[in-house]
Ligand SMILES: *Cc1c(COP(=O)(O)O)cnc(C)c1O
């Protein structure tokens with residue numbers, strides 16, 4: 001698959017003699033956007049192989065993973081069930097009404113119950129309720145997801161640094177696995193202080209050429225700051241590239257801030273991965289009366 005990579009121009013890049021590229025995997029599919037496409041690919045093939053007809057997964061009410069899974073499952077002829085954290089709010093937001101349109105059955109659980117999503121007791125209860133299903137964990141993150149995300153990079157992606165936004169860490173793990181040894185992969189967690197993140201990534205990759213930078217989560221996963229919103233809008237005006245405010249906006253803000261602070265040696269080239277997530281901007285626009293690009 002040919003995926004577009006664009007070079008970003010910015011006075012700062014010229015001043016610091018840095019080249020910055022963005023790989024647009026957000027454009028890979030209109031609804032199964034960015035890294036979620038790669039994470040689902042082998043999971044859906046496995047469900048098919050096991051002849052299981054129902055895909056069950058977990059997510060919050062604005063989850064990119066829920067939106068992507070609902071579409072991909074439907075397209076491949078599966079039924080899907082989404083276990084959604086929290087109580088139902090009507091009318092459904094854009095993410096959940098999209099999921100419903102794709103035939104996803106939405107089942108709401110309390111935050112407390114949701115926290116048990118990995119426990120076998122909870123999963124057994126779900127099996128009693130829904131019958132046999134193929135389970136994809138929250139965020140779509142498992143071994144088969146990493147097999148998929150290993151396909152994000154190709155042999156032409158030879159930049160010195162690769163930058164990627166992080167939720168559960170499975171996308172960066174696949175990227176690290178397929179990176180060259182002399183490249184450095186830098187992850188920007190969108191979530192504050194997830195203690196298990198480094199451990200999880202270490203369990204999914206044997207390589208050491210990666211590092212997390214925890215300075216650009218903007219307080220919390222879905223916390224929105226004026227500075228970040230302003231950045232996303234300005235970036236869109238100048239480059240005609242929409243970023244999402246939860247993941248890729250924070251990453252790109254971080255990259256440019258690090259360039260400003262001379263983090264990257266002069267003459268470096270950087271490849272940022274646009275992991276998608278733009279459907280999430282709809283929910284933010286709706287909640288905060290904003291006009292983020294989608
Ligand atoms: C889900 C998501 C991520 C995080 O991916 P992980 O594999 O969970 O780290 C990053 N960016 C976007 C846009 C996403 O939707």
key: Relative exposure of 41, 289, judged by other C-beta atoms within 10 Å (fewest first)   = 289, 41
request  = Provide the descending list of Cα extents for region 142-218 along its principal axes, expressed in whole angstroms.
outcome  = 33, 26, 18
ask   = For region 171-214, what does the alpha-carbon gyration tensor say about shape, rounded, prolate or oblate, given a ≥ b ≥ c as the root eigenvalues, a/c under 1.5 as rounded, and a/b over b/c as prolate?
value = prolate
ask   = How long is region 35-140 along each principal axis, judged by its Cα atoms, biggest number first, in Å?
value = 35, 31, 22
key: Extension gain (nm, one decimal) between residue 196 and residue 214, 0.36 nm per residue minus Cα-Cα   = 5.1 nm
key: Cα centroid of region 200-255 to Cα centroid of region 149-174, whole Å   = 14 Å
query = For the Cα atoms of the chain, what angle does the longest principal axis make with the long axis of helix 226-239, in degrees from 0 to 90, nearest 10?
reply = 70 degrees
task = Extending each Cα 7 Å along its Cβ direction at residue 132 and residue 286, get the distance between those two points in nm, one decimal.
result = 3.6 nm
Ordering of 170-183, 3-16 by burial proxy (mean other Cβ atoms within 10 Å per residue, highest first) = 170-183, 3-16
request  = Identify which of 107, 118, 217 has the largest mean-square fluctuation in a Gaussian network model of the chain, with springs joining Cα atoms closer than 10 Å.
outcome  = 118
query = In degrees, nearest 10, range 0 to 90: what is the angle between the Cα axis of helix 279-288 and the longest Cα principal axis of the chain?
reply = 90 degrees
message = Can you order the peptides 55-63, 137-145 by their average number of other Cβ atoms within 10 Å per residue, highest first?
response = 55-63, 137-145
inquiry  = With an 8 Å Cα cut-off and a minimum separation of 6 or more residues, compute the relative contact order for region 1-130 in percent.
reply    = 17 percent
inquiry  = Suppose we keep just the DSSP beta bridges with both residues in the chain; what percent of those would be antiparallel, to 5?
reply    = 10 percent
remark   = Here P(r) for the chain, Cα-Cα distances in 10 Å bins, as whole percents, is 6, 28, 36, 21, 7, 1, 0
message = Using a 7 Å offset from the Cα along the Cα-to-Cβ direction at both residue 240 and residue 17, what is the distance between the two label points in nm, to one decimal?
response = 3.1 nm
task = Using the number of other C-beta atoms within 10 angstrom as an exposure proxy, rank 115, 24 with the fewest first.
result = 115, 24
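No lab work stands behind these numbers, since they all come straight from the coordinates. Since the structure is predicted, the reported quantities are computational estimates derived from the model, not experimental observations. Don't worry about glycine lacking a Cβ; one is built from the backbone with ideal geometry, like all the others, and counts go over all protein chains shown.
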